[in-house]
Amino acid sequence: MRRRGPGRWLYQGWLAGRKTWRRSLQVRVVSITLVLSSVLIAAFGVLVTNRITTGQLGQKFERTNNIVNRGGQYAVNQLRVDSPTDAALPATVPQLLLQLLNDAGGAAGASSESGTGVQVAIVPVEDRREILAPQAQPDGEQALRVLRSTELDGLRRYVREGRVARQYITADPDGDGARPFLVYGTLVRTQAGELGLYYMFPLDDEVDNAELVGTSVSLTGITLVILLALLAAIVTRMVVSPVRLAARTAQRLSAGLLDQRMEVRGEDDLASLAAAFNQMAANLQRQILRLEEMSRLQRRFTSDVSHELRTPLTTVRMAADLIFAEREDFDPAVARSAELLHAELDRFEELLTDLLEISRFDAGFASLDAEPADLTPVVRRVADRLESLAERVGSPIVLDVPDDPVIAEVDQRRVERVLRNLMGNAVEHGEHRPVRVALAADDHSVAITVRDAGIGLKPGEEKLVFNRFWRADPSRARQTGGTGLGLSISLEDARLHGGWLEAWGAPGQGAQFRLVLPLRAGDRLVSAPLPLVPEGAAPAVAERPNGSAAIVGDAVADVVEIGGGRAE
């Protein structure tokens, strides 16, 4: 189901970010630096802010404690009355509150329209309203409502017990908006009864200072994080840029531009890296040019020798044919020598032909002469030519080809040579069992499989069968004199078509080769109409170095990728 709307854009952004994260070392370093520095600076900022705020509150506590203690002693001294009904009490309380308010405002250093910003109230512990004096500051009634709120129940309980208590609250006693207050309460014992003396100290200055500190720390932290990110980006760029240049230079070298070099600047480690890279590139260039020259001379030598041997071989062939034709008139020993000479000359001529073909492939002179052709008669024709050999070794060739034509754009001569090599090897290694050849096609490709039921291939040998002059068992007697170049030439023929030549084998289960070619020359192969591993093939058992056995997949199989093909 495809994502739509914002989710799709978020998903695409996440994919792009992940791709950038995986490919860019600079992005990773800068991102990690940002995260770690942000965490570190945030923790440091919180610690500094808490320490400063705690220090300010500690000073506030010390000043307010002194104010409350002095105010309590002063209230006890001023409220010396004989009874709760003393006529002097209503006049004493307002004066006391004004004095306490002035003392508290001056000591606390606060300010407001009234001159202090501090609220002071005297409330009877038993809530006896007949001894409650009028409040002596603006908004006194609002302050009393705050002090009687349920939020301060705990504070009032401690005051009744005779202890000095404090509590933080957020209130709006003057109608200017809710703000934090520090409320203190202490018990005043008089003849008029037990009274609660309460102070409400505004924390505006402390809050402003805390906000200022937090803002300053935040701005400083953000600035430091940005500076660290810029520093990390600059340092990383200084390191990554030469590495990227080295990567681009290495890519150009791998593309064949052997004269590419890095620019050496300064005398630091990066300059040493660039100089070492240039030295390595120069050595590689010399070695590659030397190997190319040696390879060119080797190919030329092989081609020249093969051509030069053609003339004497033709002369020897004419003489050998003449002797071979008259062998019945010779002594038995001489007649046998004539037969051996004729057979070895045939093999020598095949070897020269294969060497010339290999030299053309190595030199890049091989060309494909593709034209539409029916592969069914090609398969039948190759099988008919090998029929006598198959009967002699006891490995008949069984064909499984469609009755309808299988038309493909191929070089018929090269395809026939590939099939001749594959069927010849299958007959040679068939162990007196039938050799099965199948042909099938789909909309894009055609496949031919050649299966024998011989001793098969050991693990790893399926990767070696296409090497030049390689034989699975050099001591094994051969029925035909092969040159050891047949499968190598077949591989080059398949590559020239843009096809696949694949091998499968398992000990005791025989081997199967599959040739896959595109129906139209130049097309890219993506699938094959016939499987590489035969149906019913048992898993191959590979012997480990310690003597134990291990299952190797479904069987031992190898795919030689040709023309950008696939692996199976």
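The values are calculated or read from the model by the stated rules, or taken from the named source; none is laboratory data. Just so you know, these numbers come straight off a predicted model, no measurement behind them. With ideal geometry, Cβ positions are generated from the backbone for all residues, glycine too; neighbour counts draw on all protein chains shown. These area figures cover heavy atoms from the full protein model, side chains too; ligands, DNA and RNA do not enter into them. Shrake-Rupley method; radii C 1.70, N 1.55, O 1.52, S 1.80 Å.
The figures follow:
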read-out: Rounded accessible area per residue of the stretch 150-246, 1.4 Å, Å²; value: 53 Å²
read-out: Theoretical gain in end-to-end length, ARG179 to ASP442 [0.36 nm per residue, Cα-Cα removed]; value: 86.3 nm
read-out: Chymotrypsin sites (Phe, Trp or Tyr not before Pro) restricted to DSSP loop in the stretch 149-191 with at most 15 other C-beta within 10 Å; value: none
read-out: Additional length obtainable on full extension of the chain from GLN260 to ASP400, 0.36 nm per residue less Cα span; value: 44.9 nm
read-out: Dipole magnitude of the stretch 278-434 about its Cα centre (Cβ charges: Lys, Arg +1; Asp, Glu -1), debye to nearest 20; value: 800 debye
read-out: Karplus-derived 3J(HN,Hα), 6.51/-1.76/1.60, for each residue of the stretch 185-190, Hz, glycine and proline x; value: x, 9, 8, 10, 9, 9
read-out: Distance (nanometres) between label positions extended 7 Å along Cα→Cβ at GLN279 and LEU389; value: 5.6 nm
read-out: Difference of contour (0.36 nm per residue) and Cα-Cα distance, SER149 to ARG296; value: 42.6 nm
read-out: Inter-probe distance in nm under a simple model that places probes 7 Å from Cα toward Cβ, at PHE348 and SER367; value: 3.3 nm
read-out: Distance cut-off 23 Å, percentage of C-alpha pairs in the stretch 226-335 lying past it; value: 62 percent
read-out: Accessible-area composition of the stretch 392-435, carbon plus sulfur, in percent [1.4 Å probe]; value: 47 percent
read-out: Distance cut-off 13 Å, percentage of C-alpha pairs in the stretch 322-371 lying past it; value: 67 percent
read-out: Separation of the GLN287 and GLN59 label points, Cα + 7 Å toward Cβ, nm; value: 7.4 nm
read-out: Carbon + sulfur, % of accessible area of the stretch 215-275 - ligands and nucleic acids excluded, 1.4 Å; value: 65 percent
read-out: Global geometry of the stretch 303-393, whether rounded, prolate or oblate, following the gyration tensor of its Cα atoms and the 1.5 cut on a/c; value: oblate
